[in-house]
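A.B. asks: Submitted below is the structure of interest, expressed as structure tokens.
The values are calculated or read from the model by the stated rules, or taken from the named source; none is laboratory data. All values reported here derive from a predicted model rather than from experimental measurement. Ideal geometry is used to build each Cβ from the backbone, glycine not excepted, and the neighbour counts take in all protein chains shown.
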Amino acid sequence: MSKILIIGASKGIGQSISNNLINNECILISREYYEVKSSNHKHHALDVINDNLPEIDEISSIIYCLGTINLKPFRSLKNQDFENDYRVNVLGAVKVIQHYQKALSKSENASIVLFSTVAVSQGMPFHSSIAAAKGAIEGLTKSLAAEFAGKIRVNCIAPTITNTPLASGILRNDDAIERANQRHPSKKINQPEDVAAMASFLINKSAKNITGQIIHIDGGMSTLKV
């Protein structure tokens, strides 16, 4: 049976995706130890950026969930900030895809799901480092979707802020969450399961004709002004 590879599976969106795929055979990778919830799941505790990746004979999908939130005024950002955001968000994804491309190409429903942010399309203050990295992810998505056309589908999800541990510094209390809710036309931010549902759909055979897309799950922020 083909396996689904989830990078960054121990927290937030990645964990929610693994929960959605509880009945699928999955390989979960994260730096932290993670107690799997299904006999169908196997976990590897390693640093994708710096460690060697495990060998997998055949996989059907890659879901790369690693990301950063680094919000600072531009004048306060160091080269190291830009380098770290690019390394985690882009170079990590490139490393994983290159390593597993051969195994992935054996699947009849091969799929890659990457993650961007609504800040790429919206132009938000204090997001220059992370938006630059995620903008590269959107470019990578479209380029790979064209290069792999007919063999591997490649899509990208661009969510708004999602209530995960990564965003806990921003969504630090109920008042902060409510202020974030009110900035969205839908009057609500994302929960991890909102984004996980789309990722789970995109690797399914039902999405067999969807590729090269940047899919916004952002409460209407990227398209509506209300």
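A.B. asks: Within the range 168-226, track down each residue that is aliphatic (A, V, I, L, M) and free of Cβ contacts under 8 Å to residues at least 12 places away in the same chain.
C.D. replies: Applying the first criterion (aliphatic (A, V, I, L, M)) to the range 168-226 yields 170-171, 176-177, 180, 189, 195-199, 202-203, 207, 210, 214-215, 217, 221, 224, 226.
Within the range 168-226, just A176 meets the criteria.
A.B. asks: Right, next: Evaluate the range 113-134: report whether one residue or more is buried (at least 17 other Cβ atoms within 10 Å of the Cβ), of a type in the set (D, E, K, R) and part of a helix (DSSP H, G or I).
C.D. replies: Within the range 113-134 (the criterion being buried (at least 17 other Cβ atoms within 10 Å of the Cβ), of a type in the set (D, E, K, R) and part of a helix (DSSP H, G or I)), the answer is yes, since at least one residue qualifies.
A.B. asks: For the range 172-204, give me the residue count where each residue is more than 30 Å from N23 (Cα to Cα), surrounded by 18 or more Cβ atoms within 10 Å (Cβ to Cβ) and among the hydrophobic types (A, V, I, L, M, F, W, C).
C.D. replies: Number of matching residues: 1.
A.B. asks: Going by the conditions given, is Y64 in contact with a strand residue (DSSP E or B) (Cβ under 9 Å, 6 or more places away or on another chain) and of a type in the set (S, T, Y)? Step through it out loud before you land on a result.
C.D. replies: Values: in contact with a strand residue (DSSP E or B) (Cβ under 9 Å, 6 or more places away or on another chain): yes; of a type in the set (S, T, Y): yes.
Criteria met by Y64.
A.B. asks: Of the residues that sit in the range 205-226 and are assigned to a loop (DSSP other than H, G, I, E, B) and of a type in the set (K, R), which one is surrounded by the most Cβ atoms within 10 Å (Cβ to Cβ)? Walk me through it before giving the result.
C.D. replies: From the range 205-226, those assigned to a loop (DSSP other than H, G, I, E, B) are 208-213, 218-226; that's our starting set.
Retained after the next criterion (residues that are of a type in the set (K, R)): 208, 225.
Working: K208: 11, K225: 6.
It comes out as K208.
A.B. asks: Can you find, within the range 136-153, the residue that is nearest to T68 (Cα to Cα) among those that are of a type outside the set (G, A, S) and not in a helix (DSSP H, G or I)?
C.D. replies: To start, the set of residues in the range 136-153 that are of a type outside the set (G, A, S) comprises 137-138, 140-142, 144, 147-148, 151-153.
Narrowing the set further to residues that are not in a helix (DSSP H, G or I) leaves 148, 151-153.
Values: F148: 27, K151: 30, I152: 26, R153: 25 Å.
Looking at the filtered set, the residue picked out is R153.
A.B. asks: Hey, another quick one. Please work out which one of (1) surrounded by fewer than 19 Cβ atoms within 10 Å (Cβ to Cβ); (2) farther than 17 Å from I69 by Cβ is the condition S168 fails and give its number.
C.D. replies: Answer for S168: the failing condition is (2).
A.B. asks: Also: Condition first: crowded, with 16+ Cβ neighbours inside 10 Å and either hydrophobic (A, V, I, L, M, F, W, C) or under 15 Å from L5 (Cα atoms) (or both). Now tell me which residues in the range 78-91 satisfy that.
C.D. replies: Of everything in the range 78-91, those that are crowded, with 16+ Cβ neighbours inside 10 Å and either hydrophobic (A, V, I, L, M, F, W, C) or under 15 Å from L5 (Cα atoms) (or both) turn out to be F82, V88, V90.
A.B. asks: Does N89 satisfy the criteria of being under 16 Å from K134 (Cα atoms), assigned to a helix (DSSP H, G or I), touching a strand residue (DSSP E or B) at 6+ places or on another chain (Cβ under 9 Å) and modelled with pLDDT of 95 or more?
C.D. replies: Details: under 16 Å from K134 (Cα atoms): yes; assigned to a helix (DSSP H, G or I): yes; touching a strand residue (DSSP E or B) at 6+ places or on another chain (Cβ under 9 Å): yes; modelled with pLDDT of 95 or more: yes.
For N89, the condition - under 16 Å from K134 (Cα atoms), assigned to a helix (DSSP H, G or I), touching a strand residue (DSSP E or B) at 6+ places or on another chain (Cβ under 9 Å) and modelled with pLDDT of 95 or more - is met.
A.B. asks: A further question follows. Please go through (1) modelled with pLDDT of 95 or more; (2) in contact with a Gly (Cβ under 9 Å, 6 or more places away or on another chain) for Q80 and return the number of the only condition it doesn't satisfy.
C.D. replies: Every condition holds for Q80 apart from (2).
A.B. asks: Give the residue, chosen from S206, S200, S168, that is among the polar types (S, T, N, Q) and modelled with pLDDT under 95. Before you say what the answer is, go through the steps one by one.
C.D. replies: Numbers: S206 fails: modelled with pLDDT under 95; S200 fails: modelled with pLDDT under 95.
Being among the polar types (S, T, N, Q) and modelled with pLDDT under 95 holds for just one of S206, S200, S168, which is S168.
A.B. asks: State all residues of the range 93-110 that are over 14 Å from I7 (Cα atoms) and crowded, with 16+ Cβ neighbours inside 10 Å; if no residue qualifies, say none.
C.D. replies: Q101, A103, L104, S107, A110 - these are the residues of the range 93-110 that are over 14 Å from I7 (Cα atoms) and crowded, with 16+ Cβ neighbours inside 10 Å.
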